[in-house]
Structures are given as structure tokens and as C-alpha cells.
1. Write down Rg/Rh for chain A, rounded to two decimals, with Rg from the C-alpha atoms and Rh from the Kirkwood relation over Cα pairs.
2. Which longest uninterrupted range of chain A lacks any trypsin sites (Lys or Arg not before Pro) assigned by DSSP to a loop state (not H, G, I, E or B) and surrounded by at most 16 other Cβ atoms within 10 Å?
3. Most mobile of B:53, B:16, B:99 per a Gaussian network model of chain B (Cα springs, under 10 Å)?
4. Treating only the Cα positions of segment A:1-45 as identical point scatterers, give the base-10 log of I(q)/I(0) from the Debye formula at each q in 0.27 Å⁻¹.
5. Do any cysteines of the protein assembly as shown lack a neighbour Cys whose Cβ is under 4.7 Å away, and which are they?
6. Around residue A:16, what is the net charge, scoring Lys/Arg as +1 and Asp/Glu as -1 over all other residues with Cβ under 12 Å from its Cβ?
7. Would you tally the net charge around residue B:29, using a Cβ to Cβ cut-off of less than 12 Å, leaving residue B:29 out, and scoring K and R as +1, D and E as -1?
8. How far, in nm, would the chain grow between residue B:111 and residue B:26 when pulled straight, counting 0.36 nm per residue and subtracting the alpha carbon separation?
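The values are calculated or read from the model by the stated rules, or taken from the named source; none is laboratory data. Quick caveat, the model's predicted, so the values are computed rather than measured. Reconstructed Cβ throughout: ideal geometry from the backbone, glycine too, with neighbour counts over all protein chains shown. Ligands, DNA and RNA are stripped out before the accessible areas are found, and what is left, the full protein with its side chains, is counted by its heavy atoms. Shrake-Rupley method; radii C 1.70, N 1.55, O 1.52, S 1.80 Å.
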Amino acid sequence: QKEVEQDPGPLSVPEGAIVSLNCTYSNSAFQYFMWYRQYSRKGPELLMYTYSSGNKEDGRFTAQVDKSSKYISLFIRDSQPSDSATYLCAMSQNNNDMRFGAGTRLTVKP
Amino acid sequence: GAVVSQHPSRVICKSGTSVKIECRSLDFQATTMFWYRQFPKQSLMLMATSNEGSKATYEQGVEKDKFLINHASLTLSTLTVTSAHPEDSSFYICSAREGAEAFFGQGTRLTVV
């Protein structure tokens, strides 16, 4: 079993839809949870950073962490074509050694 | 957010030659930088952790003699792919932490012909 599981998609939604991206993990010691957006042939860009459980909101993006279920989510409201990218979840125990999900490829159609 | 600059963004080299990739933290100091490799449609695989002023820590299965890492200053780490072969063709990405957050370079597309 991989430490971090993420459905690679692809996921295609119409513009304006709410997008839900998810990851599950097996290591209960993970405390730091991140979401990255990666455009084709570019390095990942940090979107959201969460420590321990709870929700965090930033504009159209909301990150949720449920440590009891070992499940994290990223919600994108009012999705735009410019949101089309691969979204990677990442997590770490000690803020040093990060483990990544496989990435979900999202396409938002105008 | 902080800026991490990686250079070059793309390189094509002949089999048997060596290629150096630079990773710089532009507006902060990074005692630790990370090097990843990413295959098409796959996630990032950590290759090694680069520590300023000391030897890098390599992940299991990564050849340290093939992937030479030097972290000579708090703002610069380099990855040298020695005696490159076509199977080394990949997307290489560096990362540096500022506080609790990690920031990535733009990546380097290496093609070995």
C-alpha cells in the first residue's frame, strides 16, 4: 500500500463547477498537509498548507484535513479554465520529508 | 511566496556527458533543499536531501555517484547527472523550505540522446 493514495483522474468539469479533490494516507504520523498545483512542464506551486486537522480557506480554495479518517480534500469553487492543471497532495511528519500523491489531472471546460 | 529558481529549464545532452542543474533560493536562505524526479503522469519522487555544508542524503535506490549534489551555500544547490544515459531522461525539480512551507523550482526537462 502506498503511503499516499490519490486518484490520478483525469477529471473534467464545466466552468463554474465545484471541484473536489481527495487523498488518503496510511501514516498516522503525518501532521503537515499541502496541496500543490502543477501546470504542464512546470514545477509545483504551493496552493494550501494545513497543519493537523481542520479546514482552511483561501479565496476559491478550501482545504480540509480529517486525521481520524486519514483523508484530506481540496475544494475549488467556481472553477475556471485557468484551474486546469494537475493537483498534487503532499504530507509530512516532521515538516521535512514530504510524500506526494500521484496527482489528479483536472480540466475545466469553458 | 518565496521564489526558487531552477536552471536550465530544458537541456538536451549526448549520452555519456554530464549535466549540471542549479537550484537557487532567491529571497531566502535554505539550509536544506530537496531534489525530485518526475516521470510523465507520475508524482514526484524524492531523490535526495541536500544539506548546506555537508553531504547529501540519498533515498534508497538513488545512485549517489551518478547524481552528484553540492550545496555550497545557503542559496544554491546543484545536481549533476554524470555520464548521462537515455534512461536518465526525466523532469528534475528542486525544492527549498522557508519556514514550514516548501517552494519548488520550475523544473528541468533533461533529454539524453
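1. Values: Rg = 13.2 Å, Rh = 13.9 Å.
Expressed as Rg/Rh, it is 0.95.
2. Numbers: sites that count: A:2, A:41, A:60, A:67, A:77.
With a cap of 16 other Cβ atoms within 10 Å, the longest stretch comes to A:3-40.
3. B:99
4. -1.19
5. B:13 - these cysteines have no disulfide-compatible partner (Cβ-Cβ under 4.7 Å) in the protein assembly as shown.
6. Working: positive: A:60, A:77, A:109; negative: A:15, A:78, A:83.
Computed value for this residue: 0.
7. Neighbour charge sum, excluding residue B:29 itself: -1.
8. Values: separation 85, 0.36 × 85 = 30.60 nm, distance 2.65 nm.
Fully extending the segment from residue B:111 to residue B:26 adds 28.0 nm.
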